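All remarks here apply to the structure that follows.
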Amino acid sequence: MGLLTSTGHHRLSSAAAAGRTAPTTETAHTETPHAEKAREHRRRWPLRLAVGTGVVVVAAGTAMVLTATLGRPKISLSSSSSGAFRVSLAGLGTKLSGVAVTSGGKPVAWDRHGGEIVPAAAVAQGRNVRVSATAASPSWLRWLLGRPVSTQMTVRTPSASLAASVAVASKPGHVPVTFTHAVTAVAYRLGGGRTQLVHLGTPSTIADLTVPSQALAGTLEVAAAPWSWERVSPTLSRVTWFVSPRGADPVAVANPAPGATTAASNAPVTLSFARPVSQVLGHSQPKITPAVPGHWTQPAPNTLVFTPTGFGWGPGTTVTVGFDRPVQAVGLNGFATHGHGATAASATTGYRFTIAPASLLRLEQILAQLHYLPLRFVPAAGVKAPTTFAGEVASMTRPLRGHFVWAWASTPATLRAQWSAGSPNVLVKGALMTFYATQPNYDGYAVDPLTVAQLANTSTWDALLHAAAANRLDPSPYSYVYVTQTLPETLTLWDNGKVVLTAAANTGIPASPTANGTYPVYLRYTFNYMSGHNPNGSYYHDSVYWINYFNGGDAVHGFVRASYGFPQSLGCVELPIATAHVVFNHLAIGDLVTVAN
């Protein structure tokens with residue numbers, strides 16, 4: 001009780017100090033154990049509430065941090081082997097919100113297939129394609145997860161080319177063509193037919209293409225695209241194909257084909273075999289006749305090529321390709337079935353092809369270009385004349401589009417009357433003779449009776465094309481002589497369309513007249529003797545000067561007479577010696593002389 005008393009006294013003092021009335025009974029100062037626990041609980045609940053609230057706040061904050069971190073939108077791009085662009089998204093509710101596809105700075109249409117973006121417009125091979133993509137979370141969460149995110153990726157579209165220019169088929173009707181890259185689409189053409197487009201179910205480096213089942217060999221023109229949305233190149237590459245031969249004799253596709261006529265004098269001879277050249281021919285090479293400068297190359301194990309250097313065989317030449325063992329030689333669509341391939345041919349030790357004749361019109365164009373004709377050739381708009389020797393050779397059988405114009409408006413009408421484009425007229429013969437005379441060993445007696453076709457032989461074309469490639473113009477003026485047998489007889493000389501001399505002349509007497517017509521000068525002497533028999537049978541041996549032979553024994557020359565202007569000769573056109581000297585200095589081999597009534 002002492003403890004209670006002491007305690008009660010302390011409380012009383014406290015109550016008195018506070019001005020309160022103290023309890024008067026002892027029960028007011030005594031508590032049970034249960035009441036004490038309840039009192040202790042009441043004291044602790046605010047603390048517990050505070051702690052619990054803190055825990056909740058911390059938990060909520062942590063959740064928000066984790067949500068903001070792990071739920072933010074993320075996007076990445078990657079390309080597939082098929083050329084599609086895979087889109088990978090991450091984050092709470094993230095969706096693709098924008099896509100842009102461009103190539104060369106220009107927009108490209110696109111489609112979405114599942115999680116992939118695929119260009120819908122064809123893009124050329126070897127081009128850069130850029131894909132830009134944007135991803136975003138739902139709009140109601142962006143306050144927490146942040147703004148949309150973007151990424152981009154650039155790829156270069158792959159290119160596919162032929163892995164081999166020769167394909168060997170194991171059976172007729174199908175040719176396996178190999179490419180350097182797996183392809184999904186192949187365009188090919190047989191001969192001169194239409195282009196076909198084949199889509200492969202699975203990308204592959206080998207495309208099995210259909211050809212006529214009855215053909216043994218031939219060619220295809222091929223292009224391919226690796227990705228389905230790439231554009232197949234319009235430039236096709238040639239593939240030579242064979243059906244693997246059953247017999248022992250090898251097969252060769254030949255270009256030019258056996259029996260063919262080829263336009264180019266210097267065209268390469270290409271032989272593509274079904275097996276490697278070393279297995280077919282060993283160490284030997286085909287023999288080509290006539291032999292011309294050139295060289296053999298082997299661009300592929302199955303292919304041999306002979307390339308002439310320079311002019312080649314010349315127009316109209318028959319060329320023989322010989323082997324030291326039997327070979328089945330077939331042509332590139334030359335011996336074709338419906339123009340698509342070559343049918344079987346018997347094995348031989350050689351075959352022939354022919355170079356096409358040269359174009360007379362092209363000959364005239366070149367002669368006009370080099371000023372050997374009194375005309376000029378004007379190419380049509382957009383037509384470019386060759387500038388190299390190889391180009392000139394290639395044009396030999398292919399005249400250019402264009403037209404001729406007279407070099408001088410004052411060209412005499414009698415000279416104009418001799419001309420017809422594309423015909424072997426006397427102007428062309430004279431021009432060829434003028435050019436001939438610039439070459440070594442010119443023989444006028446041998447040249448005079450030749451036709452234009454005979455004059456334009458292989459050696460002439462070779463020299464003429466070299467002159468054309470170098471643009472070596474005729475240095476002399478174009479001269480022309482007109483002789484009238486109407487009294488008084490006169491000779492008129494033109495240079496480049498202008499009259500430079502008119503003089504009295506003598507022509508043949510009725511017993512030995514001067515033939516009318518137009519003839520090129522073929523032989524010239526400063527002095528010589530003319531011999532023969534007069535109409536009365538007497539013999540003559542006369543000295544003559546400044547001689548220009550134009551028709552057999554007829555010539556324009558100087559000879560002493562008492563007068564001039566009427567028939568006195570035995571067929572020649574006679575002039576005073578001084579006048580003949582002037583005429584001689586103007587004329588040249590090939591210049592034309594017209595004699596007319």
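Taking each DSSP H run with n ≥ 4 as -39500 (n - 2.57) and averaging over every residue of the chain yields -6500 deg cm²/dmol at 222 nm.
Answer with one residue from HIS541, GLY104, PRO268: the one whose Cα lies farthest towards the positive end of the charge dipole of the chain, charges on Cβ with Lys, Arg +1 and Asp, Glu -1. It is GLY104, whose Cα lies furthest towards the positive end. Three principal axis extents of the stretch 373-532 based on alpha-carbon atoms, in descending order, are 54, 36, 25 Å.
Taking the DSSP bridge list for the chain and keeping only pairs wholly inside it, about 85 percent are antiparallel. With Rh defined as the Kirkwood radius, the inverse of the mean 1/r over Cα pairs, the Rg/Rh of the stretch 360-436 is 0.96. Highest-first packing order for the peptide set 394-401, 92-99 is 394-401, 92-99, based on the mean count of other beta carbon atoms within 10 Å. Just to confirm the number: angle between the C-alpha axis of helix 577-586 and the first principal axis of the chain, 0 to 90 degrees, nearest 10? Tilt of helix 577-586: around 20 degrees.
Computed from point charges on the beta carbon alone (+1 for Lys and Arg, -1 for Asp and Glu), the dipole magnitude for the stretch 360-470 about its Cα centre is near 440 Debye. Kirkwood hydrodynamic radius of the stretch 74-156, from the reciprocal of the average inverse Cα-Cα distance over all distinct pairs: 13.4 Å.
Percent of alpha carbon pairs in the stretch 432-487 separated by more than 12 Å?
73 percent
Just name one of GLN298, THR579, PRO212: the one whose Cα is farthest towards the positive end of the charge dipole of the chain (beta-carbon charges, Lys/Arg +1, Asp/Glu -1). The listed residue farthest towards the positive side: PRO212.
Would you mind checking the tilt of helix 2-18 against the longest principal axis of the Cα atoms of the chain, expressed as 0 to 90 degrees and rounded to 10? Taking the Cα atoms of the chain, the angle to 2-18 is about 70 degrees.
Enter the angle in degrees (range 0 to 90, nearest 10) between the Cα long axis of helix 426-436 and the first principal axis of the Cα atoms of the chain, meaning the one along which they spread out most. Orientation of helix 426-436: about 80 degrees from the principal axis. Here is the P(r) of the chain: all C-alpha pair distances, binned every 10 Å from 0, give 3, 11, 13, 11, 11, 10, 9, 7, 5, 4, 3, 2, 2, 2, 2, 1, 1, 1, 1, 0, 0 in whole percents.
Computed from the coordinates by the stated procedures, all read-outs in this text should not be read as laboratory data. Computed from a predicted structure; not experimentally measured. Cβ atoms come from the backbone with ideal geometry, glycine included; neighbour counts cover every protein chain shown.
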